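As structure tokens, the structure follows; a few thoughts come after it.
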Amino acid sequence: MVKIKPLRVTLYNQRLIGNLSKVICPPYDVITSKQIEEYYKLHPFNMIKLILSRPRIEMLGDKKVEINRYTNARNIFFDWLKKDILIRDKFKCFYLYEQSFLFKKQERRRIGFFGLLRLSDEKIFSHEHTKEKPKEDRLLLLKSTEANLCPIFVIFRDEEKILNYIYKLSSKRTPFIEIKDRDRIHHRLWRITKSSLIDKLKRVLEKKEVYIADGHHRYETACTYRDLRKEGIENFTGREDFNYILTYFTDSESEGLVILAVHRAIKRRAEISKILKIYFEIEEKKDKLELFRSMERLSKRSCVFGMYKDKRFFSLHLKKSVLSDRITDVELLNFIFKESNLETKDIIYSEDANRIIEAIDKNEAKLGFFLNPLRVSCILEIASEKKRLPSKSSYFYPKVPSGLLINKFK
């Protein structure tokens, strides 16, 4: 059974900060090195300083002492709390959240809500594999700050249209947070304080299965942290605050639920050219536009992806009966990389095809590969069967930014 509950969030003090668009930032795992520098310079209280804190040197007497990045994040976090840069909300509630944005020249809107999700192995499904290093990193940050600095992002089948119902009631009021960010995405939040609506949301979600869209590493880290914390508690109840994680919920059928492909560029060719010829029919295309149109057209019939090398575009169409019909494009490409002895360190990931092309043209990488985006139905099916895709298989757009709401443990 899925258990959710309202919370009193920690959030930026708008009276002191003013323009909140200057203090939010993308989730830690999608920010490029260049963007990190930009967000550090954007505002002295930008959330980047907590989610991707840096070590610093302090003087202890006449000695220099290095403060590691996790301790520094804790020090910054509690300093901002002390100075009322971050404050606790007055209300214990759910938070309705609307994102409006342009996608392929069309206006879209995604509606969801923030709340606490109880950590569980039942009815909560993942669709991507995780890696140990990012989990170790997030665990150290969680231990140090004792807070969910970023929400996870989950989807559920909203047959009852509860989100639309609550939106119609709540959106008549002025949102208490309204931001247009640097990517021209419009964010609006309302508090859901009415007990009847809170109870209704709880009842609806109890009957649901939820699927993690973003935040697989954070979710597993939260489970590890819970297990560590409960070891030291004699009368563990399961109601302690560390049994829950800050979560954004939205409808799996929402028109605003956009999934982008995560393309790849490889830094060395290894034996990949020979392996590609074994598995694929390779056809040169005139340009990027023709390639992506071809990929979209063929995607419904079989595995297909694009390749870029030497300023030329190619479609790679899987030969018949070579591999299982149930394999996805991203699984196939991952298989090809493994067969070519490529490691994670050899791969550049980006949802932006132009970034992949740029990496090849600047000789930062040797070959670029383009994928079709996964369909929501495919993700739900794979997750329901308790199977997992490779990391970086999907890119849900737009991201839920870090810095809107924080869940600080008591």
Of (1) more than 22 Å from Thr250 (Cα to Cα); (2) crowded, with 19+ Cβ neighbours inside 10 Å; (3) modelled with pLDDT of 95 or more, Asn407 satisfies every one except (1)
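Search the range 239-252 for residues being assigned to a strand (DSSP E or B) and out of contact with any Pro (no Cβ under 7 Å at 6 or more places or on another chain), and hand back the single one that is surrounded by the most Cβ atoms within 10 Å (Cβ to Cβ).
Phe249
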Which residue pairs have Cβ atoms under 7 Å apart, sit 6 or more places apart or on different chains, and have a first residue in the range 340-367 that is in the same structural domain as Phe313 (by TED's automatic domain parsing) and part of a loop (DSSP other than H, G, I, E, B) and a second that is among the small types (Gly, Ala, Ser) and modelled with pLDDT of 95 or more? Glu351/Ala261; Ala365/Ala265; Ala365/Ala359
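Can you confirm whether Lys366 is over 19 Å from the mean Cα position of the chain (by Cα) and of a type in the set (D, E, K, R)?
Here the answer is yes, as Lys366 does meet what is asked.
Table: residues versus (1) touching a helix residue (DSSP H, G or I) at 6+ places or on another chain (Cβ under 7 Å); (2) closer than 18 Å to Ile406 by Cα; (3) in the same structural domain as Gly403 (by TED's automatic domain parsing).
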site	(1), (2), (3)
Thr32	no, no, no
Gln35	no, no, no
Leu42	yes, no, no
Asn46	yes, yes, no
Of all residues in the range 187-238, which are hydroxyl-bearing (Ser, Thr, Tyr), part of a helix (DSSP H, G or I) and in contact with a strand residue (DSSP E or B) (Cβ under 6 Å, 6 or more places away or on another chain)? Tyr219
Neighbours by Cβ (under 7 Å, 6+ apart or cross-chain): first from the range 71-83, farther than 18 Å from Asp137 by Cα; second buried (at least 16 other Cβ atoms within 10 Å of the Cβ): Trp80/Phe45; Trp80/Leu86
Can you confirm whether the range 288-295 contains a residue that is aliphatic (A, V, I, L, M) and crowded, with 19+ Cβ neighbours inside 10 Å? yes
Which numbered condition trips up Gly115, out of (1) in a strand (DSSP E or B); (2) modelled with pLDDT under 95; (3) of a type in the set (Gly, Ala, Ser)? (2)
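Considering only residues that are in a strand (DSSP E or B) and in contact (Cβ under 8 Å) with a residue 40 or more places away in the chain, look in the range 296-321 and name the one that is surrounded by the most Cβ atoms within 10 Å (Cβ to Cβ).
Per the stated criteria, the residue is Phe305.
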When the range 189-201 is checked residue by residue, the ones that are under 22 Å from Lys399 (Cβ atoms) and surrounded by fewer than 18 Cβ atoms within 10 Å (Cβ to Cβ) are none
Check Thr174, Thr130 and return the single one that is more than 16 Å from the chain's Cα centre (by Cα) and either small (Gly, Ala, Ser) or in a loop (DSSP other than H, G, I, E, B) (or both). Thr174
Please enumerate the residues belonging to the range 236-273 that are among the small types (Gly, Ala, Ser) and over 18 Å from the mean Cα position of the chain (by Cα). Gly238, Ala265, Ala270, Ser273
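The values are calculated or read from the model by the stated rules, or taken from the named source; none is laboratory data. Given the structure is predicted, the values throughout are model-derived calculations rather than measurements. For neighbour counting, all protein chains shown are included, and Cβ atoms are generated from backbone atoms with ideal geometry for every residue, glycine included.
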